[in-house]
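Just so you know, all these numbers are worked out from the coordinates, no wet-lab data involved. This is a predicted model, so every value here is computed, not measured. Here the Cβ positions follow ideal geometry from the backbone for every residue, glycine too, while neighbour counts run over all protein chains shown.
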Amino acid sequence: MIKIYQRYLIKSFLVKFLRIGIIFFSLIVILGILEEISFFKNVRALFIMPYLLTLLNAPITLFEIFPFIFLLTTQFLFYDLKKNGELNLLKKNGLSNFKIAKILLFLALSIGVFNILVYYNVASILKFQYSNLKNNYSNDNKYLAMVTDSGLWIKDELEDKILITKSNFIKDGFLSGNIINEFDKNFNLLRTVQSKKIDIKNNNWIIYNPIITTKNNNKDFDDNIELKTNFNYNKISNLFSNISTLNLFKLFSLKKDYERLGYSTTEIKIHILKLFTYPIYYGILTILSIVVIFHYTKKNSLIVQVLIGILMSVTIYYVNFIFSSLGSNGKIPPGLSILFPMLITGIISIIGLININEK
């Protein structure tokens with residue numbers, strides 16, 4: 001049975017959480033509309049398209065700033081409780097700071113689980129639709145790279161030719177086990193190039209010892225040949241980096257495909273680990289916010305509290321960004337890149353919570 005004070009704290013937290021969430025969502029929509037209108041200014045499209053794309057993209061952007069919404073929500077909640085004298089009233093009824101923190105901690109964890117299992121999956125589907133729609137109006141829509149059960153496929157259009165490349169393996173700027181089919185604009189096959197190894201570090205691919213088939217005639221080349229394309233290793237990597245369009249099931253499926261292809265799964269591992277630790281992260285930021293707010297009296301203005309929240313958010317964001325980048329670049333293990341900043345923040349929060357429990 002939920003007690004009256006528990007119900008009051010939960011309700012107050014959720015109301016502020018929704019209000020702050022709506023404010024951030026509105027800002028995201030406004031900035032998104034401006035960006036999409038700029039994108040479509042020289043593109044023929046329906047008038048509603050920039051607004052539709054903005055709404056499809058906004059939920060996943062909001063998801064990325066949820067940690068800081070938790071932080072600000074907690075600060076505003078405790079600011080109001082202290083300002084209105086409700087915090088002292090709760091203490092007189094035997095409710096310690098630790099008990100208040102425990103209620104909000106479990107609430108943050110619960111919301112976090114919901115966000116991962118429900119909200120993120122819906123937002124990622126909308127993001128996928130956003131990417132598909134916008135790609136139809138992009139100059140790069142004639143280029144495509146994708147991973148399937150049979151390997152890596154690349155579709156490229158260059159001048160009056162269409163190239164379709166199928167590779168078994170990609171690693172360190174090289175493609176292995178390759179078949180390149182070259183077509184004209186009407187998809188009439190011009191030639192087929194087979195090679196065990198292709199250097200794709202630059203747009204001019206170096207094809208090692210190719211076997212070229214034209215009109216059923218095979219010709220082996222002892223020397224390497226060059227092939228001009230619109231792709232290189234970095235561009236292919238960037239095409240695969242937009243994993244926010246994938247829900248949890250697709251992320252695990254893509255991870256298996258990458259492993260089979262030999263492509264690095266580090267970024268996917270970091271993303272999955274980050275998703276599954278988000279509820280704990282929400283809880284840690286909630287506790288940290290409580291610790292910070294208890295070191296300021298009710299005389300502090302609301303502006304000061306907002307500035308404190310923004311400063312904390314920016315600091316935590318850049319610390320996480322730095323460690324995540326180190327993990328993506330292979331400088332530190334993927335798990336450490338996510339867990340270490342969280343561990344440090346958690347230790348600071350626990351120590352601070354112990355210190356304020358009797359305040």
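Here are a few things to note about the model shown:
- Result for the chain in a Gaussian network model with C-alpha springs under 10 Å: among 211, 116, 303, the largest mean-square fluctuation is at 303.
- With at most 10 neighbouring Cβ atoms within 10 Å, loop chymotrypsin sites (Phe, Trp or Tyr not before Pro) (DSSP) excluded, longest segment of the chain: 188-359
- Extension reserve of the residue 93-residue 208 stretch, reckoned as 0.36 nm per residue once the Cα distance is removed: 33.5 nm
- Relative contact order (%) - criterion: Cα under 8 Å, at least six apart; region: segment 53-193: 15 percent
- Rg [Å, one decimal], Dmax [Å, integer] - segment 144-230, C-alpha atoms: 12.3, 34
- Electrostatic dipole magnitude of the chain [Cβ: Lys, Arg +1; Asp, Glu -1; Cα centre; debye, to 20]: 1600 debye
- Placing +1 on each Lys and Arg Cβ and -1 on each Asp and Glu Cβ, with no other charges, gives segment 18-84 a dipole about its Cα centre of roughly 160 debye.
- In order through segment 201-212: 3J(HN,Hα) via Karplus (6.51 cos²θ - 1.76 cosθ + 1.60), integer Hz, x for Gly, Pro: 5, 10, 5, 8, 6, 9, 9, 7, 6, x, 10, 10
- Each Lys and Arg contributes +1 and each Asp and Glu -1, all at the Cβ; summed about the Cα centre of segment 144-230, the dipole is approximately 160 debye.
- Links that overshoot a 31 Å alpha carbon limit, given the list 102/255; 3/269; 197/274; 161/269; 16/91: 102/255; 3/269; 197/274; 161/269
- Fewest-first sequence of 73, 214 by Cβ atoms within 10 Å of each Cβ: 214, 73
- Computed over the chain, relative contact order equals 17 percent, with contacts defined as Cα pairs under 8 Å that lie 6+ residues apart.
- Positive-end residue, the chain charge dipole about Cα centroid, Cβ charges, pick of 158, 233, 67: 67
- If you model the chain as an ellipsoid using its alpha carbon gyration tensor, with each semi-axis the square root of five times an eigenvalue, the axes come out at 52, 22, 15 Å, biggest first.
- Karplus (6.51, -1.76, 1.60) ³J(HN,Hα), θ = phi - 60°, over segment 252-257, in Hz, Gly and Pro reported as x: 5, 5, 5, 4, 5, 5
- Loop-exposed GluC sites (Glu not before Pro) per DSSP, neighbour cap 10 Cβ within 10 angstrom, longest uninterrupted part of the chain: 160-357
- Each Cα pair under 8 Å and six or more residues apart adds its separation to the average, and for segment 144-230 the resulting relative contact order is 19 percent.
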